[in-house]
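Visitor: Pasting a structure below so you can have a look.
The values are calculated or read from the model by the stated rules, or taken from the named source; none is laboratory data. Since the model is a prediction, treat every value here as computed from it, not as a measurement. Note: ideal-geometry Cβ built from the backbone for every residue, glycine included; neighbour counts use all protein chains shown. SASA here: full protein model, heavy atoms, side chains in, ligands and nucleic acids out. Shrake-Rupley method; radii C 1.70, N 1.55, O 1.52, S 1.80 Å.
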Amino acid sequence: LNDICGVGENCLFGNILIVLGGDFAQILPVVRKGNRGTTVEACLRRSFIWPKLKILLLHQNMRVRNRNDDQEFATWLSHMSYSPEYQGTISLSEFI
């Protein structure tokens, strides 16, 4: 992105705002024939870009409040991992 956007090498992602979400402790990279040490060394927190990132923490889940439709979404979301009907393509139209 730096080359495409024509910015210097000191920029990340071509100075485009990027949002990374998730629990990075649970999303480890795949290292072929690697052991625990090589996997940890390849993770995002050990990357040269980690000190340049701005970490923002969410303190309230805005999707799961006390409204009825939000509770329905929370229930639907909790069942996604375990129900075979949610494997493959799914539709979010009823919650959007």
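Visitor: Order the following by accessible area, largest value first: 3, 23. Probe radius 1.4 Å; ligands, DNA and RNA are ignored.
Guide: 3, 23
Visitor: Further, regarding this structure: Nearest 0.05, what FRET efficiency do residue 54 and residue 27 give at R0 = 22 Å with Cβ-Cβ as r?
Guide: So the FRET efficiency works out to roughly 0.70.
Visitor: Output the relative contact order of segment 1-58, whole-number percent, from Cα pairs under 8 angstrom with separation of 6+ residues. Don't skip to the end; give the middle numbers.
Guide: Numbers: 30 pairs, mean separation 11.5, N = 58.
The value is 20 percent.
Visitor: Taking the Cα atoms of segment 1-58, report the difference between the largest and smallest coordinate on each principal axis, in whole Å and largest first.
Guide: The Cα atoms of segment 1-58 stretch 38, 30, 16 Å along their principal axes.
Visitor: Full extension from residue 44 to residue 20: what is 0.36 nm times the residue separation minus their Cα-Cα distance, to one decimal in nm?
Guide: 7.6 nm
Visitor: Another question, if that's okay. Which distance in nm do the two modelled labels at residue 36 and residue 11 give, with both placed 7 Å along the Cα-to-Cβ direction?
Guide: My value for the distance between the label points is 4.2 nm.
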